[in-house]
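Presented below is the structure to which this report refers.
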Amino acid sequence: MKYICFGLALLTAASAADKNGPVRGEGFDKHVRLEATAYLDKASATDAVGMEMEDGFVVIEVKITPPAGEKLTIDRDDFLIRSDKDGQRGTPYSPTQIAGSSILVVKTGYNGGAVASERRGPSWGGLGGGMPRQMPVGGPSVVGNSAGTESATAVAPEEDASKEKTNPLLPVLEKKILPEKEIDGPVTGQLYFLMEGKHKPKQIELLYKTASGRVSVRFK
């Protein structure tokens, strides 16, 4: 009986270790203080959003605080996520890219510049529904860390008039996403990234561009 209980304890511990999020980190410079909570697996990302997210999406909730008495303009493209594991990197996706009504054409190729093929996402969900499984690497502006790395680049959305219903995920993401605006105090919101494969918290780095460089946030 002792051996059975010990085995169950090990199995429970291993199962808990397999779940990645949430994990926290922070960084700062003279222009901003950045606190972040990362939800790296599907289950925790779904919990953070409140609706089911597709495999491959990473949700990072950030709190941005400018120095006292100063203002800061938030631009989500100033954020970049990268992985030490395989060099994947990318900027955040907008709610309409994840759960919009357009078909996103994605060109895949290699870092030498040649385009190998085009893939079209589903009409409902943009990159949701199935596209994350098709994309070999994560996020817009993806850069591999070795020669011959396959990459995916969003090219041009095409409207699909045959799909009139709104994805219920869209208004949820629009409500929770980090707002792009000028702030003079702390602001909290979510960022949505696409990353292929499993990554340990210590392998993930969130970078935020400021006037004096980049603020780095590591998770643990």
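Derivation of every value follows stated rules applied to the coordinates shown; laboratory data play no part. Note that the coordinates shown come from a computational prediction; the quantities given were computed from them, not determined experimentally. A quick note on method: Cβ atoms are made from the backbone with ideal geometry, for glycine too, and the neighbour counts reach across all protein chains shown.
For the reader, a short list of remarks on this structure follows.
- Modelled this way, with points 7 Å down the Cα-to-C-beta line, the labels at residue 73 and residue 202 are 4.0 nm from one another.
- Gain in span if fully extended, residue 165 to residue 180, counting 0.36 nm per residue against the direct Cα distance: 2.7 nm
- Virtual spin-label span in nm between residue 211 and residue 55, 7 Å along Cα→Cβ: 4.6
- Label-to-label distance, nm, for residues given as residue 28 and residue 63 (7 Å Cα→Cβ offset): 1.2
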